[in-house]
Amino acid sequence: MAKVLVTGMSGTGKSTALRMLAARGHRTVDTDSDRWSRWVTLADGSPDWVWREDAIADLLTGHRAGHLFVAGCRSNQGRFYPSFDHVVLLSAPAEVLLARIADRTDNPYGKRAEERAEILRNLAEVEPLLRATATVEVDASAPVESVVGHLERLAGG
């Protein structure tokens, strides 16, 4: 009954991995929705898309059967690290991320030049912070079947 957070930059394949894990019968939650996340205004006036902490806390404390895979990358996710058995960083080179984002049809984020610049900035500034706190790093440039297999093995099955 493992709880696994799958985190990483845009384009690493978090959503794709979750879809495959769900198809294999695992419980999955993609936090990139209004149900799990909300916009807040930071002290400097900038917007931030953060987890709804009450909803995430209820999800994690209420999970009782099977493995749970949660995907997301939010500034407040570290508050929940103690509730996860693994915090998995999916990582890939910038050219892989940008190519995937250019090709995807289910998410418009990253299509505009300023969004691609933000992705590269996050890769340089945010990914090292995630790496420092992750329990495991997985090369997301590998085939998705390999990534998903690695996630399943971490969960214990």
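The values are calculated or read from the model by the stated rules, or taken from the named source; none is laboratory data. Computed from a predicted structure; not experimentally measured. For neighbour counting, all protein chains shown are included, and Cβ atoms are generated from backbone atoms with ideal geometry for every residue, glycine included. Just the protein is used for accessible areas: all its heavy atoms, side chains included, with ligands, DNA and RNA removed. Shrake-Rupley method; radii C 1.70, N 1.55, O 1.52, S 1.80 Å.
List of remarks:
- Local electrostatic count, ALA2, Cβ distance below 15 Å [Lys/Arg +1, Asp/Glu -1]: +3
- Percent carbon-and-sulfur accessible area, the stretch 30-76, ignoring ligands, DNA and RNA, probe 1.4 Å: 49 percent
- Separation of the stretch 1-51 from the stretch 72-137 is 10 Å, based on Cα centroids.
- Given charges at beta-carbon only (K, R positive; D, E negative), |dipole| of the chain in Debye: 380 debye
- Karplus-based coupling profile of the stretch 123-129, in residue order and whole Hz: 4, 6, 9, 8, 4, x, 5, with θ = phi - 60° in 6.51 cos²θ - 1.76 cosθ + 1.60 and x standing for Gly or Pro.
- Built amide H within the under 5 Å cut-off of VAL138, gap 5+: LEU89, LEU90, SER91
- Annotation: amide H of ARG27 within the under-5 Å range of HIS67, PHE69, sequence separation 5 or more or interchain, hydrogens built in the peptide plane.
- Probe 1.4 Å, all protein chains present, accessible-area order of LEU42, LEU123, LEU97, largest first: LEU42, LEU123, LEU97
- Charge dipole (the chain, unit charges on Cβ, about Cα centre) - positive-most of ALA113, VAL144, HIS26: HIS26
- Each peptide among 85-93, 26-34, 56-64, 101-109 gets the average number of other Cβ atoms lying within 10 Å of its residues, and from highest to lowest they stand as 85-93, 26-34, 56-64, 101-109.
- Across all C-alpha atoms in the chain, the radius of gyration and Dmax reach 15.0, 44 Å.
- Within-13-Å neighbourhood charge of LEU18 [Cβ basis; K, R +1; D, E -1]: 0
- Among SER15, LEU60, VAL40 the positive-end extreme of the charge dipole of the stretch 13-60 (Cβ point charges): SER15
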